[in-house]
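The structure under discussion appears below in the form of structure tokens.
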Amino acid sequence: MLNKKGISLIEIIISIALLGIISIGFLTLFSSSIKMMNDTKKATINLFNGQEEIEKNVLEIRREIVHNLRASDPTPIEFFGKNVEGNLLEIPFPDNPSLEVFVFLSEVYSKKAAANPPVAENVKITVSNDPNDLNADQSSILTGSYDTVEGSSAVYTHLYRWYVTKPEAGGNDFPRDYQLITGEASFSLSNLSAFPNRYIVFTVTPVDVHGLRGAEVASQAVFVSGPDWKMGNFPWVDLNDNGIYEEGVDYKFDKEVLFTAFDTETPFYDEDLNEVSLLGGSLYVPTNIGDIVIDNTKQLDWIVCNNIHLATIIEVQNKTDVHLKTRNGNITLYQYQNPSGHTTGPKISTEGNINLITEGRGNINLQNKALIESMRDVQLSANGLMNLLGSTILTGGNVIIDTSGAPNIHNSRDIVIDHSIIQPEASSSIGVIEIKSRHNIEILSSEIISIGDKNIYIMAEDDIHMTNSNIGEFDADNFLFTGDVEILSNGNIAGEGLHIRNSSDSRILINASKEAAIDNSTLISHDGEILIYFNRRLSALASELRMREDAYINVYTSSNRVNGIYSAGAIFESKDHILKVSGTYLMMDAGPIQGEIQ
């Protein structure tokens with residue numbers, strides 16, 4: 001018995017130590033592999049997005065060449081022993097302007113493509129388990145089909161694409177509300193588990209034997225049903241960013257946790273005082289947790305590493321500020337169905353300030369029926385896209401909607417305000433309204449209303465597009481607006497069906513570095529002035545520009561190129577019915593104008 005050998009304590013300790021050292025190596029390798037996979041995924045997505053943006057730029061440049069909107073600067077390049085003249089272009093890569101893509105465009109082939117492009121039609125999706133081809137579930141298989149129109153140029157191949165509505169989109173408008181499904185380039189799509197409660201569209205782009213593309217044609221939209229996080233009963237942090245709560249992977253908690261300063265980078269302790277890491281997670285706040293009421297000493301200050309998803313009501317009763325911030329993700333306020341089955345939207349209400357800020361590349365999205373209500377200032381600041389879709393902002397202070405910050409972050413910065421309202425809370429005076437974009441601004445069927453003498457600024461580094469919208473003073477009996485309206489663009493300004501109005505000694509200023517259009521619109525400045533600056537062409541079809549009798553309407557143009565004032569059916573009413581024009585211009589089909597032009 002005494003001679004029987006075993007393992008000593010020292011040997012056990014040494015074995016455990018060796019296993020620990022070996023395990024650290026494997027864990028480090030595993031962690032590096034996961035990081036490499038995520039980096040590769042992001043790089044692939046950025047590459048596809050960059051390729052799509054470059055293709056859009058090329059198509060736009062081709063359009064300009066065809067319509068003689070771009071100065072031709074032919075450069076001979078030798079192809080297979082022959083000199084071919086065309087335009088050599090340097091296009092910055094969208095996600096990394098330090099990289100450039102060289103594109104050679106032939107003017108001959110560009111015009112040939114416009115004259116006889118390949119055409120696809122009857123593009124549709126067939127759903128494997130729906131005879132109406134409108135609704136799918138997680139098990140469905142989607143198959144795209146199309147016809148080629150006879151008589152168009154000979155088709156060599158087709159480009160197939162699948163699109164899905166963006167998670168933050170509040171509508172189903174193609175292509176605005178859609179994003180490309182990367183890695184899917186065939187006519188069949190079967191893995192639908194990642195797209196619950198979203199719409200999918202299939203598109204075909206025909207390509208002829210010369211490599212010239214026809215128009216991209218879209219199918220009907222198919223809705224994919226599935227489990228919806230908005231009906232959940234608890235808030236949670238998604239740690240693997242798949243949008244689905246997974247026990248043991250993600251972390252759920254009581255909503256009282258949200259009544260404090262909540263930061264996913266700060267160590268979090270559960271009810272048993274165990275430390276839980278929420279680093280890199282996205283916050284989901286569903287409908288069924290009920291309203292979040294901030295009273296007494298509570299506060300609402302969230303900072304989240306990735307995305308914030310909100311689908312409930314936040315009511316602040318202690319007049320404190322509301323701060324929602326993401327470090328590298330989106331902030332989205334979702335429409336949802338309440339317990340009665342009615343479609344409604346989230347609400348953030350306080351007598352303090354409201355700040356929604358994305359520090360990284362994130363977007364801010366207010367979906368249909370979202371309401372932001374503050375008696376002080378409202379600031380929406382993003383380094384990505386800004387989408388106000390059927391939403392309302394009521395405020396007694398300043399309204400800042402801004403995507404112009406962080407020039408070192410290269411990202412799309414468009415602002416879309418669609419069927420939305422920005423106006424004072426009740427009859428209170430309002431501060432400055434400033435809408436500022438590093439790229440484009442779209443204002444569609446919306447109202448931007450002000451009271452008092454503070455100004456409205458709409459400023460874009462690229463183009464501004466406005467249709468069927470009221471800006472300034474909507475109702476002089478209830479909303480007396482005596483400030484300026486300034487619409488400034490380093491690109492084009494395209495307006496149709498606008499109503500822009502102010503009172504007192506204020507002005508309406510429209511300043512476009514390229515073309516300006518204010519068709520079928522009404523501009524009224526009772527006691528101020530109307531100033532229009534443009535560089536190429538001004539269009540004012542069937543519009544009314546009205547001033548007091550002792551003031552002029554002033555139009556300025558400053559270019560050596562041929563400029564035009566196209567004003568068929570327009571009415572200009574100002575001092576002595578005179579439209580003052582300064583600069584080099586050419587009248588184009590002036591039509592009936594009341595008064596004369598100086």
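The values are calculated or read from the model by the stated rules, or taken from the named source; none is laboratory data. Since the model is a prediction, treat every value here as computed from it, not as a measurement. Positions of Cβ are backbone-derived with ideal geometry, glycine not excepted, and every protein chain shown enters the neighbour counts. Please note that ligands, DNA and RNA were not included when accessible areas were found on the heavy atoms of the full protein model with its side chains. Shrake-Rupley method; radii C 1.70, N 1.55, O 1.52, S 1.80 Å.
Quick rundown of the values:
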| item | result |
| --- | --- |
| Residue 296 being in a loop (DSSP other than H, G, I, E, B) and open to solvent by 30 Å² or more (accessible area, probe 1.4 Å) | yes |
| Subset of region 502-512 [buried (at least 20 other Cβ atoms within 10 Å of the Cβ) and either modelled with pLDDT under 85 or touching a Ser or Thr at 6+ places or on another chain (Cβ under 7 Å) (or both)] | 502, 506, 508, 512 |
| Filtered residue count, region 438-454, keeping only those that are more than 11 Å from residue 417 (Cα to Cα), outside any strand (DSSP E or B) and of a type outside the set (A, V, I, L, M) | 6 |
| Only listed residue being in contact with a helix residue (DSSP H, G or I) (Cβ under 9 Å, 6 or more places away or on another chain) and either at positive phi or touching a residue at least 24 places away in the same chain (Cβ under 8 Å) (or both), chosen from 383, 338, 363, 368 | 338 |
| Single residue of 489, 503, 450 found to be in contact (Cβ under 8 Å) with a residue 24 or more places away in the chain, in contact with a Pro (Cβ under 9 Å, 6 or more places away or on another chain) and among the polar types (S, T, N, Q) | 450 |
| Total residues in region 418-443, condition more than 19 Å from residue 484 (Cβ to Cβ) and open to solvent by 30 Å² or more (accessible area, probe 1.4 Å) | 10 |
| Residue check, residue 412 open to solvent by 30 Å² or more (accessible area, probe 1.4 Å) and among the small types (Gly, Ala, Ser) | yes |
| Yes/no for residue 265 being part of a loop (DSSP other than H, G, I, E, B) and touching a Cys at 6+ places or on another chain (Cβ under 8 Å) | yes |
